[in-house]
Amino acid sequence: MLRIRFASALAFLLLAASSASANFIDFRTNAFNTADNKTSFGYTSSDGTHLNIVPGPVGASTLYWDSTDGFGVRSSAGYETDEIDGSESLTVNFSKNVFVNSFMATDLFNESGYLEIGYYSVNGGTATKFLADASQVPNTTNGVKTVAVNGYANSITFSAPGKLWNGFQLQNHEFSVAGITASAGQVPELDPTPASSAIALLISAGFALHGRRRRTVG
């Protein structure tokens, strides 16, 4: 029984340590409401990281913002004002290297038999594809998808295919960005937090318990 309790407590503290320094930056809050129709927008998070949010194509687009879905892109080439589509992109630049845990997409749906596609790219590298969840159906849900990144970044860029023909079906692939979960500095598991100190104490207690059990058995 003591071993079970020890394992449960250790698992709980490991989870606490991994998330202690993670910060969800919610683009849907009023802190971002003045970004609407701007060519870029700056914001400083609670941990001191400065974000510069830029729509693309640069010089030919502006930001779209609302409190339901977060950021999209306005451009003459786009067909969905409140989302990222086709030739559009949205880039979030960080003032320092951060560990990006994940981001939240919205308006990413299971559309008439196909799953909408999105892409993200870290530091201008190769684009990574992600798909809508099959459960996210228009007019029933908000097309929410949390996408794990789990890597260091100075910037992250979002894009989508836009209109694609698949046989005789015209597909529309686009989405909005509702927020990013990131940790400044070290990877969360290595961050020297009170939780990690508690883990060290708990491990020490575990060794002591193990030693006492061995002496008892002998």
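At-a-glance table
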quantity	calculated
Selection count, the stretch 111-130, where residues are crowded, with 16+ Cβ neighbours inside 10 Å and not acidic (Asp, Glu)	9
Condition met for residue 158 (within 19 Å of residue 73 (Cβ to Cβ) and over 12 Å from the mean Cα position of the chain (by Cα))	no
Qualifying residue in the stretch 174-184 (condition: modelled with pLDDT under 90 and touching a Ser or Thr at 6+ places or on another chain (Cβ under 8 Å))	yes
Residue check, residue 72 touching a residue at least 24 places away in the same chain (Cβ under 8 Å), of a type outside the set (Asp, Glu) and in contact with a Gly (Cβ under 6 Å, 6 or more places away or on another chain)	no
From 139, 150, residue being loosely packed, with under 11 Cβ neighbours inside 10 Å, under 14 Å from the mean Cα position of the chain (by Cα) and not acidic (Asp, Glu)	150
Of all residues in the stretch 63-98 being of a type in the set (Val, Ile, Thr) and surrounded by fewer than 17 Cβ atoms within 10 Å (Cβ to Cβ), the one that is nearest to residue 164 (Cα to Cα)	81
Pairs, first aromatic (Phe, Trp, Tyr) in the stretch 160-179, second in a strand (DSSP E or B), C-beta under 6 Å, six or more apart	175/105; 175/118
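The values are calculated or read from the model by the stated rules, or taken from the named source; none is laboratory data. The structure displayed is predicted, hence computed values, not measured ones. Glycine also receives a Cβ, built like all others from the backbone with ideal geometry; neighbour counts cover every protein chain displayed.
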